[in-house]
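Report on one structure; see the data block that follows.
Just so it is clear, none of the values below were taken in a lab; they were calculated from the coordinates. Only a predicted model underlies this, so the values are computations on that prediction, with no experimental measurement involved. As a convention, Cβ positions derive from the backbone with ideal geometry for all residues, glycine included, and neighbour counts pool all protein chains shown.
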Amino acid sequence: MSNVKLLLVEGYQEMSKVAAQLFAQEVKRKPDLVLGLATGGTPVGMYEELIRMHRTEGLSFSQATSFNLDEYVGLEAQHPQSYRTYMQEHLFGQIDMAAERTNIPRGDAQDLEQECSRYEQAIAEAGGIDIQVLGIGTNGHIGFNEPGSSASSKTRVVQLTPSTIEANARFFESVEEVPTQAVSMGIATILGAKKIVLLASGEAKAQAVRDMLEGEMTPDVPASLLQMHDDVTVIVDAPAASLLSAVTIGRAKTE
Ligand code: GLP
């Protein structure tokens with residue numbers, strides 16, 4: 001498990017609260033920080049908690065910059081299923097972030113190669129990501145880095161696997177509507193973040209969580225490559241931790 005810090009929590013709500021606290025702590029420490037943000041079902045509760053802190057505790061994001069992990073190829077920003085729309089609904093529209101400092105790859109760019117290098121350069125120019133939140137796919141993907149993604153990969157156009165398309169079909173009218181490609185930060189881009197927080201909730205993630213923490217570091221399980229980073233916190237709820245060994249559980253911290 002290398003030096004990955006593992007926090008075991010009871011369920012989704014507790015996971016979301018603990019994650020939001022880690023983020024809030026960084027925002028307070030460095031108001032002009034660079035946030036690395038994710039989509040999917042997993043971070044919704046954490047975003048809700050950050051919105052609550054913004055409304056009731058005065059947590060401000062007014063000086064922050066953000067970069068999202070990924071975006072579907074072919075969807076324009078206004079598309080209801082684009083990750084831009086998701087972020088607007090679940091976070092940006094409800095806190096005080098400056099719209100011009102929220103970055104998401106343009107999946108509808110004319111020249112996708114150029115968009116990928118522009119994005120990578122923009123992250124570098126912002127000084128790199130201070131804290132990155134990640135979910136995990138059932139096949140161990142992070143961002144849209146599917147199995148086979150190398151540790152040196154940068155932001156690029158990726159092909160989605162049938163299992164990822166299937167898993168994301170719940171957000172679309174039908175599976176045929178799910179884009180088959182995405183622009184995604186690479187593993188090296190993610191590893192460039194100063195701090196990484198990965199969230200996993202639910203039994204469907206149990207195998208991926210086990211492979212990530214107990215398996216060897218391999219591109220076959222992209223999340224396992226996080227073991228080479230020295231500041232990763234993995235927050236896992238009981239169902240997602242259900243396949244972990246007693247040794248791993250023993251090393252974990254309970255909140
Ligand atoms: C998607 C996203 C990932 C996300 C993962 C898990 O494909 N690109 O960033 O972590 O799948 O999604 P969920 O949180 O909905 O389980």
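Computed over the Cα atoms, what is the radius of gyration of the chain divided by 2.2 N^0.38 Å, N being its residue count?
Normalised Rg, Cα atoms only: 0.94.
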For every other residue with a beta carbon closer than 12 angstrom to the beta carbon of Gly107, add +1 if it is Lys or Arg and -1 if Asp or Glu, then tell me the sum. -3
Determine the calculated [θ] at 222 nm for the chain from helices alone, applying -39500 (n - 2.57) to every DSSP H run no shorter than 4 residues and normalising by the residue count; nearest 500 deg cm²/dmol. -9500 deg cm²/dmol
For the stretch 111-234, what proportion of DSSP beta bridges, expressed in % and rounded to the nearest 5, is antiparallel? 40 percent
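Considering only DSSP beta bridges with both partners in the chain, what is the antiparallel share in %, to the nearest 5? Display every interim value, and only then the final one.
Working: 8 of 32 bridges.
Of the beta bridges lying entirely in the chain, close to 25 percent run antiparallel.
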Would you mind working out the magnitude of the charge dipole of the stretch 1-136 relative to its Cα centre, with +1 at each Lys and Arg C-beta and -1 at each Asp and Glu C-beta, to the nearest 20 Debye? 500 debye
In debye, nearest 20, what is the charge dipole magnitude of the chain about its Cα centre with +1 on Lys and Arg Cβ and -1 on Asp and Glu Cβ, if you could check? 780 debye
Which one, Asn103, Tyr83, Gly192, is farthest towards the positive end of the dipole of the chain when Lys and Arg carry +1 and Asp and Glu -1 on their Cβ? Gly192
Surrounding charge for Asp230, neighbours by C-beta under 14 angstrom, Lys/Arg +1, Asp/Glu -1, total +2
